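The values are calculated or read from the model by the stated rules, or taken from the named source; none is laboratory data. Model, not experiment: these values are computed from the prediction. Note that each Cβ is placed from the backbone with ideal geometry, even for glycine, and that neighbours are counted across all protein chains shown.
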Amino acid sequence: MRSLSSPAQRASPRTRCPVCGKGELVPVDDIVSEIEGYTFVERGRRCSACGEEFIPEEESQRLIRVAQRLRIWGEPLKLKRKLSRSGRGTVLRIPADIERDLGLRGTENVHVSRAGRKIIIEIA
């Protein structure tokens, strides 16, 4: 799914898909996005050949505003932290504001996984 934020990507009727170059972008009102277990349905355009979906900027901004009101839209700020050693493991301190927002007590079980060079931590 892509945003149609730049004028070059905005789809007018009969526009060819910028991804595959074969299909036409047709208007749809059933583009589904999921954030933190919430399902959102948006309007946009979909390629008739490859199925790639394009959401206009104003529709994307609407979804972001709703997700922010629901407090499920993550902050774009990336905090730098230093890892430390403890015994034979590595320790990562979680910032107090994130701990407070998630209601963490320090006794939760978590799932830790890796995606490329990213560490993903999910509350179990």
For this session: Would you please name the residue that is farthest from Glu36 (Cα to Cα), looking only at residues in segment 101-112 that are surrounded by 10 or more Cβ atoms within 10 Å (Cβ to Cβ) and of a type outside the set (A, V, I, L, M, F, W, C)?
Result: Glu108
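Going by the conditions given, is Ile98 within 30 Å of Arg62 (Cβ to Cβ) and at pLDDT 85 or above?
Numbers: within 30 Å of Arg62 (Cβ to Cβ): yes; at pLDDT 85 or above: no.
In short, no.
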Problem set entry | Scope segment 85-99; condition part of a helix (DSSP H, G or I) and surrounded by fewer than 10 Cβ atoms within 10 Å (Cβ to Cβ); matching residues | Ala96
Seminar exercise, completed: Among the residues of segment 63-74, the number that are in contact (Cβ under 8 Å) with a residue 12 or more places away in the chain, under 26 Å from Val26 (Cβ atoms) and surrounded by fewer than 16 Cβ atoms within 10 Å (Cβ to Cβ) is 1
Exercise. Restricted to segment 43-68, and to residues that are of a type in the set (S, T, N, Q) and outside any loop (DSSP other than H, G, I, E, B), which residue is nearest to Gly21 (Cα to Cα)?
Worked result: Ser60
Exercise. Going by the conditions given, is Gly116 exposed (fewer than 10 other Cβ atoms within 10 Å of the Cβ) and at positive phi?
Worked result: yes
Problem set entry | Residue that is farthest from Glu36 (Cα to Cα), among those in segment 113-124 that are in a loop (DSSP other than H, G, I, E, B) and of a type in the set (Gly, Ala, Ser) | Gly116
